[in-house]
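Please read the structure below before turning to the comments.
The values are calculated or read from the model by the stated rules, or taken from the named source; none is laboratory data. Being a predicted model, the structure only gives us computed values, none of them experimental. When we count neighbours, we look across all protein chains shown, and the Cβ atoms used for this are built from the backbone with ideal geometry, even at glycine. Areas reflect the complete protein model, heavy atoms only, side chains present, ligands, DNA and RNA absent. Shrake-Rupley method; radii C 1.70, N 1.55, O 1.52, S 1.80 Å.
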Amino acid sequence: QVQLVESGGGLVEAGGSLRLSCTASGSIFRINVLGWYRQAPGKQRELVALITRGGNTNYADSVKGRFTISSDNAWNTVYLQMDSLNPEDTAVYYCNALSINTNYWGRGTQVTVSS
């Protein structure tokens with residue numbers, strides 16, 4: 001089992017920055033990919049960014065050039081640096097960990113961007 005705990009959400013003005021953190025515990029050796037998803041009210045959950053154990057990254061087109069995903073060397077914490085935030089980024093952000101056959105989710109952290 002893997003447990004994920006997010007932190008770092010909050011309220012920020014448009015153009016501002018936030019940094020989200022997600023700490024994994026449990027059987028982290030099983031994790032191959034760490035990522036961030038978000039879900040805005042009335043919308044489906046969508047991928048924001050992911051990073052593989054080898055360091056490869058992938059971003060949604062809507063956040064490219066503004067968000068940066070990274071992980072620590074121990075592969076138990078993943079970060080999402082969010083810059084140039086706009087109101088369309090308002091959502092609950094969820095941490096995700098993917099092993100060979102299981103998806104794990106955190107409980108989410110709210111990010112609200114005011115105009």
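Heavy-atom surface analysis with a 1.4 Å probe gives the chain a carbon and sulfur content of 46 percent of its accessible area.
Build a GNM of the chain with springs between Cα atoms under 10 Å: which of 101, 73, 56 gets the top mean-square fluctuation? Greatest mean-square fluctuation among the candidates belongs to 101.
Computed over the chain with a Gaussian network model linking Cα atoms closer than 10 Å, the most mobile of 77, 102, 57 is 102.
If you wrap the tightest convex hull around every Cα atom of segment 62-115 and split its volume per residue, you get 104 Å³.
Evaluated at q = 0.17 Å⁻¹, the base-10 log of the normalised Debye intensity for the chain, with identical point scatterers placed on the Cα atoms, takes the values -0.75.
For the chain, modelled as a GNM with alpha-carbon contacts under 10 angstrom, which of 28, 51, 100 fluctuates the most? Comparing 28, 51, 100 in a Gaussian network model of the chain, the most mobile one is 100.
Considering only DSSP states other than H, G, I, E and B, which trypsin sites (Lys or Arg not before Pro) in segment 1-72 qualify as loop sites with at most 14 other Cβ atoms within 10 Å? Hits after loop and neighbour filter: 43, 53, 64. Here the calculated FRET efficiency for residue 29 and residue 107, from their Cβ-Cβ distance with R0 = 22 Å, stands at 0.45, rounded to the nearest 0.05.
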